[in-house]
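Report on one structure; see the data block that follows.
Derivation of every value follows stated rules applied to the coordinates shown; laboratory data play no part. Everything quoted here is computed from the prediction, not taken from an experiment. As a convention, Cβ positions derive from the backbone with ideal geometry for all residues, glycine included, and neighbour counts pool all protein chains shown.
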Amino acid sequence: MIKLIFYGGVGEIGGNKILLEYKNSRLLLDFGESFKFGEEYFTGWLQPRSISGCRDYFEFNLLPRIKGLYSKEMLKETDLEYQQPTVDAVLLSHAHFDHINHIKFIDPKIPVYCGHGAKVFIDVEEETSPVTYYGEHEYRLFKSGERISVADNIEVEPIHVDHSIPGAYGFLIHTPEGVLAYTGDMRRHGPMSRMTGEFVKKACENKLTVLISEGTRVTPEENRKLYTENQVLELGSRLVEENDKLVLATSYSRDIDRFRTLYEIAVRNSRILVIQPKTAYLFSKVKEKLKIPDPLKDSNILVYYKRKASGSYDEKDYYKWERQFMNKMVTAEEISRRQKDYLLHLSFYAFTELIDIKPEPGSLFIHSMSEPFSEEDVEAEVMNNWITHFKLKFQQLHASGHASGDEITSIIKEIKPDKVIPVHTEHPDLFEKTLNQPVIKPELGKPVKI
Ligand SMILES: [Zn+2]
Ligand SMILES: [Zn+2]
């Protein structure tokens with residue numbers, strides 16, 4: 001008998017934490033942090049204390065009390081006794097925080113498996129983000145199609161899938177009592193849909209007892225306008241062509257496909273793409289593997305440096321990793337002077353730069369990420385105020401990292417697993433409605449026996 005316990009990603013998008021048990025073997029599929037993490041008890045500066053390890057998390061049941069999983073250090077201030085690992089392996093589908101952020105609590109003696117590409121994103125994030133720490137781990141890196149023995153009687157076959165971050169994988173899990181599959185996060189309409197196709201093909205070749213499937217976009221209001229990456233490119237190019245002022249764009253910081261698209265839009269319109277030092281650093285780490293332009297050599301790219309105190313741009317005021325792009329520096333003053341020459345990538349959190357840049361009224365702002373989840377979204381309201389203040393022309397333009405509801409349905413119908421378990425979705429009930437197949441709706445912390 002195989003036992004699955006879902007400690008996250010249940011009835012919500014993200015935060016996947018799935019424990020698989022078979023005889024003496026135990027493995028975890030992802031160990032992420034929910035987008036709504038702790039919102040009942042924590043807000044703004046009121047956050048769990050990092051010095052207390054798991055203590056503040058256990059108080060509000062924000063981490064499962066699994067024995068033999070957490071490190072000695074993280075359990076020090078808790079009533080859960082440390083014991084030697086009883087979990088054999090942690091498998092990470094990709095490097096998004098809603099799949100990996102809580103690995104920092106895990107015992108370093110437990111190996112963490114992830115793709116070569118995912119590891120680069122993990123390393124860069126730790127190096128460049130002052131708030132990110134994933135802990136010490138023995139990482140074991142895999143490639144698509146390899147078959148890895150991760151525990152007694154369990155072999156895992158990672159197969160790459162297309163998602164909004166490179167290095168994303170689904171898993172086939174081979175046990176003596178059948179093959180299970182886990183999609184991770186995936187889409188079929190992206191530039192690398194071929195990879196998702198490979199996952200589906202492999203899943204079809206095995207008679208699956210269970211498919212654990214993501215369902216981010218399995219929603220009742222599926223009819224919102226959704227684009228492919230290519231449509232983002234074509235529409236974006238046209239919008240920029242029609243605009244003779246500054247173009248600003250914001251997108252997810254590690255969506256390499258979108259950066260490629262923005263680069264292409266800039267080049268087509270004889271503009272220079274301006275990226276932040278963190279993006280330049282990420283580009284420099286993955287340029288060969290992912291065939292993206294070298295920010296140090298490509299004349300269509302410049303790197304934006306924020307002004308430090310008293311208007312200086314002194315090398316010593318920047319982090320070491322930031323410094324290497326300083327001879328490709330462009331400043332707010334320069335962008336302000338020649339607004340129509342640039343396509344500036346600027347995150348919402350860096351909007352204060354607009355005060356120095358002074359965009360002309362009618363400058364274009366391409367919001368190339370998901371629309372805000374709810375109407376009461378405070379950030380969305382603040383963003384709107386900035387847009388109104390600077391008289392920017394707002395354009396929503398995004399291709400999702402997740403398969404549409406219809407795509408998920410057709411993938412499941414193609415694979416024909418014995419049972420489907422929906423995760424990473426707010427609407428597991430909709431799976432039942434659209435599929436003529438048994439669906440198991442997981443309940444938080446309650447074992448599902450197979
Ligand atoms: Zn996710
Ligand atoms: Zn993801």
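When the charge dipole of the chain is built from unit charges on Cβ atoms (+1 for Lys and Arg, -1 for Asp and Glu) and taken about the Cα centre, the candidate among V267, T434, V179 whose Cα reaches farthest toward its positive end is V267. Against the chain, whose longest principal axis comes from its Cα atoms, helix 378-389 is set at around 10 degrees. Simple point charges give the picture: +1 on the Cβ of Lys and Arg, -1 on the Cβ of Asp and Glu, and for region 86-136 a dipole about the Cα centre of about 100 debye. If only the Cβ of Lys and Arg carry +1 and only the Cβ of Asp and Glu carry -1, the dipole of region 229-396 around its Cα centre is close to 780 debye.
Residues whose amide H lies under 5 Å from that of L302, counting only those 5 or more places away or on a different chain, are L273, V274, I275; hydrogens are built 1.01 Å from N in the peptide plane.
What dipole magnitude, in Debye to the nearest 20, does the chain give about its Cα centre under +1 on Lys/Arg Cβ and -1 on Asp/Glu Cβ?
940
Once you order the gyration tensor axes a ≥ b ≥ c over the Cα atoms, which shape class does region 304-399 get: rounded for a/c under 1.5, otherwise prolate or oblate by comparing a/b with b/c? Verdict is prolate for region 304-399. Cross-linked pairs K72/K306; K109/K207; K72/K207; K109/K143; K36/K278: Cα-Cα separations exceed 30 Å for K72/K306; K109/K207; K72/K207. Selection among Q395, S34, S164 by position relative to the dipole of the chain gives S164 as farthest towards the positive end (Cβ unit charges, Cα centre).
Any idea what % of Cα-Cα pairs in region 248-301 are farther than 19 Å? Don't skip to the end; give the middle numbers.
On the way: 222 of 1431 pairs.
Across region 248-301, Cα pairs with separations above 19 Å total 16 percent.
Using Cα pairs under 8 angstrom and six or more residues apart, how large is the relative contact order of the chain, in percent?
Details: 941 pairs, mean separation 82.5, N = 450.
Relative contact order comes out at 18 percent.
Axis angle, to the nearest 10 degrees, between helix 405-415 and the longest C-alpha principal axis of the chain: 40 degrees.
Taking every DSSP helix (H) stretch of at least 4 residues in the chain, weighting each as -39,500 (n - 2.57) and dividing the sum by the residue count yields a mean residue ellipticity at 222 nm of -7500 deg cm²/dmol. Annotation for region 258-333 versus region 62-96: alpha-carbon center distance of 39 Å. Classify region 360-450 as rounded, prolate or oblate from the Cα gyration tensor: take a ≥ b ≥ c as the square roots of its eigenvalues, call it rounded if a/c is under 1.5, otherwise prolate when a/b beats b/c and oblate if not. It is prolate, given that a/c is not under 1.5 and a/b is the larger ratio.
Packing around the peptides 75-85, 420-430, taken as the average count of other Cβ atoms within 10 Å per residue, puts them in this order, highest first: 420-430, 75-85.
Each of V423, W386, I450 was placed along the dipole of region 377-450 (beta-carbon charges, centred on the mean Cα), and the one lying farthest toward the positive end is I450.
Normalising by the residue count of region 229-396, find the relative contact order in percent from Cα pairs under 8 Å and 6+ residues apart.
On the way: 242 pairs, mean separation 51.0, N = 168.
Over region 229-396, the number comes to 30 percent.
Would you mind getting me the FRET efficiency between M326 and Y82? Use the beta-carbon distance for r and R0 = 51 Å, nearest 0.05.
Result of the calculation: an efficiency of 0.65.
If one computes P(r) from the Cα atoms of region 229-396, what percent of pairs lie at distances over 28 Å? Spell out each step's value before the answer.
Details: 2657 of 14028 pairs.
Roughly 19 percent, rounded to a whole number.
Note on region 351-371 and region 106-162: Cα centroid distance 36 Å, given to the nearest whole angstrom.
Apply the a/c threshold of 1.5 to the C-alpha gyration tensor of the chain and tell me whether it is rounded, prolate or oblate. Please report the intermediate quantities before stating the final value.
Numbers: a/c = 1.88, a/b = 1.52, b/c = 1.23.
Taking the square roots of the gyration eigenvalues as a ≥ b ≥ c, the chain is prolate.
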